[in-house]
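Visitor: Pasting in a structure now, in structure tokens, and then I'll have a few things to ask.
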Amino acid sequence: MLDELNQKEGLRRALLNFRRVVVLTGAGISAESGVPTFREKGGLWGKYNPEELATARAFQKNPQLVWEWYQWRRWLISEVKPNPGHYAIAEMERLFDDFSLITQNVDGLHRAAGSMIVLEMHGNIMRNKCFDCGKVFDGINLKDKEPPRCDGCGGLYRPDVVWFGEMLPSDVLYAAFQSTQSCELFFSIGTSALVHPAASLPIEAMHSGAYVIEINPQPTVISHSVDHTFLGPSGEILPQIVDFIKANR
Ligand code: BJW
Ligand code: ZN
């Protein structure tokens, strides 16, 4: 059992008494499943600058390079499974009366772990959409060596994810801010908290008076302002938090 859970009264009270809960996740939640994060050493940006791959301009300049990078990541994701962190979050959905899960991840692992409602801020890598007309195509083919063309307008397929400089899906963004502004307890898990607007959510939660807990093996830009940071991997910390809640409620 984590010592902090018994030693810090505010933390204990927040976990056991608060009912309106929001969880925000980033790439770190999937790290223990074998999905590389973005900004760490050996991460997804290791070889390329983000602007070379995750922008519309990059796709226009070199669709083949961007397509191949996403096809490789799709293959990688199709081979992995959720980890105990994903499963613990799925259990939290059942433990709290009012629960929202917001993820920046595009890998679909929360749903695979049994989370029923997932607000995917940056889309989902397992869908395509037309670069020109925006028509969405469910399902992907890992054998597509180059981007297929839209049956409506002839434009190129691209992954249905949100690149830098693009708007987030407005319904998802609205729901994410609404739940954040009214929650009592907010978790920021496995994110460097650098990419906006997702990175504004923990700040918004603090301003709204929520108790904010961070879970990350490394301190981040928000660590000094949150109420509590568990310094460790989410796949180890989250199951202990869930067990603590179940044992002490
Ligand atoms: C573990 C662990 C373990 C390891 N357990 N943890 C305000 C201020 C400044 C800039 C902006 C602003 N508002 C908007 C911007 C511009 C821009 C932005 O934020 N730039 C910043 C980088 C400065 N934002 C945008 O452009 C967004 N759009 C937008 O705002 O539209 C309005 C607009 C339009 C036009 C002009 C202006 C405004 C869109 C952002 C889209 C981000 N897209 C990506 C790619 C998605 C597709 C794909 O997957 O390829 O999303 S970028 C990438 O970063 C991806 C991630 O979701 C996102 C966040 O990364 P994340 O998850 O935090 O990963 P890492 O790697 O950074 O961190 C991992 C963490 O895990 C680390 O801390 C580890 O320690 C930890 N960890 N193991 C727990 N076991
Ligand atoms: Zn089209």
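The values are calculated or read from the model by the stated rules, or taken from the named source; none is laboratory data. Bear in mind that the values here come from a model prediction, so they are computed numbers and not experimental data. As a convention, Cβ positions derive from the backbone with ideal geometry for all residues, glycine included, and neighbour counts pool all protein chains shown. Only protein heavy atoms, including side chains, enter the accessible area calculation; ligands, DNA and RNA are left aside. Shrake-Rupley method; radii C 1.70, N 1.55, O 1.52, S 1.80 Å.
Visitor: Compute the acute angle (0 to 90°) between the alpha-carbon long axis of helix 234-248 and the principal axis of greatest extent of the alpha-carbon atoms of the chain; round to the nearest 10°.
Guide: Approximately 40 degrees, to the nearest ten.
Visitor: Turning to a different aspect of this structure: Beta carbons within 10 angstrom, averaged per residue: use that to sort the peptides 47-59, 155-167, highest first.
Guide: Going by the mean number of other Cβ atoms within 10 Å, highest first, we get 155-167, 47-59.
Visitor: When only Cα pairs under 8 Å and 6 or more residues apart are kept, what is the percent relative contact order across the range 87-185?
Guide: Contact order relative to length: 24 percent.
Visitor: Determine the distance separating the Cα centre of the range 98-132 from the Cα centre of the range 135-153; give it in Å without decimals.
Guide: Centre-to-centre (Cα) distance: 19 Å.
Visitor: Something else about it: For the range 192-202, in order, what is each residue's ³J(HN,Hα) by Karplus, 6.51 cos²θ - 1.76 cosθ + 1.60 with θ = phi - 60°, in whole Hz (x at glycine and Pro)?
Guide: Once θ is set to phi - 60°, the couplings for the range 192-202 become 6, 6, 10, 9, 8, x, 4, 5, 7, 5, x Hz.
Visitor: Would you calculate the separation in nanometres between label points at residue 17 and residue 141, each defined as 7 Å from the Cα along the Cα-to-beta-carbon direction?
Guide: 5.8
Visitor: Given the range 11-164, what percent of its DSSP beta bridges are antiparallel, to the nearest 5?
Guide: Rounded to the nearest five, the antiparallel share is 50 percent.
Visitor: Going 7 Å from the Cα of residue 149 toward and past its Cβ, which residues in the range 63-87 have a backbone nitrogen under 16 Å from where you end up?
Guide: 63-64
Visitor: Considering the dipole of the range 150-249 built from charges on the beta carbon (Lys and Arg +1, Asp and Glu -1) around the Cα centre, which of 189, 221, 247 is farthest to its positive end?
Guide: So the residue we want is 247.
Visitor: Let me ask something else about it. I need the peptides 184-197, 4-17 ranked by packing, meaning the mean over residues of other C-beta atoms within 10 angstrom, with the highest value on top.
Guide: 184-197, 4-17
Visitor: Would you mind classifying the chain by shape? Square roots of the alpha carbon gyration tensor eigenvalues, ordered a ≥ b ≥ c; an a/c under 1.5 is rounded, otherwise it is prolate if a/b is larger than b/c and oblate if not.
Guide: Note, shape of the chain comes out prolate.
Visitor: Then there is this: Helix-only mean residue ellipticity at 222 nm, the chain, DSSP H runs n ≥ 4 weighted -39,500 (n - 2.57), per residue, nearest 500. What is it?
Guide: -10500 deg cm²/dmol
Visitor: Here's another thing I want to ask about it. Starting from the 7 Å offset along Cα-to-Cβ, what nm value, one decimal, do you get for the label separation of residue 218 and residue 57?
Guide: Result: 2.6 nm between the two label points.
Visitor: Would you mind telling me the share, in percent, of accessible area of the range 181-242 contributed by carbon and sulfur at probe 1.4 angstrom?
Guide: That fraction is 54 percent.
Visitor: May I ask which residue of 119, 206, 89 lies farthest towards the positive end of the charge dipole of the chain, with charges of +1 (Lys, Arg) and -1 (Asp, Glu) on Cβ and the Cα centre as origin?
Guide: Checking the options against the dipole of the chain, the answer is 119.
Visitor: If I take R0 = 30 Å and measure r between the Cβ atoms of residue 248 and residue 80 in this structure, what FRET efficiency does the formula 1/(1 + (r/R0)^6) give, to the nearest 0.05?
Guide: Calculated transfer efficiency: 0.35.
Visitor: Assuming R0 = 45 Å, can you tell me the calculated FRET efficiency for the pair residue 164 and residue 3, based on Cβ-Cβ distance, to the nearest 0.05?
Guide: Computed FRET efficiency for residue 164 and residue 3 comes out at 0.65.
Visitor: Kindly state, to the nearest 0.05, the FRET efficiency for residue 45 paired with residue 112, given R0 = 22 Å and r defined as their beta-carbon distance.
Guide: After rounding to 0.05, the efficiency reads 0.35.
Visitor: Here is a further query. Suppose each label sits 7 Å from its Cα in the direction of the beta carbon; what would the residue 171-residue 207 distance come out to in nanometres?
Guide: Placing both labels 7 Å along Cα→Cβ, they lie 2.6 nm apart.
Visitor: When the dipole is taken about the Cα centre of the chain, and only Lys, Arg (+1) and Asp, Glu (-1) are charged at their Cβ, what size is it in debye, to the nearest 20?
Guide: Approximately 380 debye in magnitude.
Visitor: Could you report the chain's accessible area per residue, 1.4 Å probe, as an integer in Å²?
Guide: Ligands and nucleic acids excluded, the result is 48 Å² per residue.
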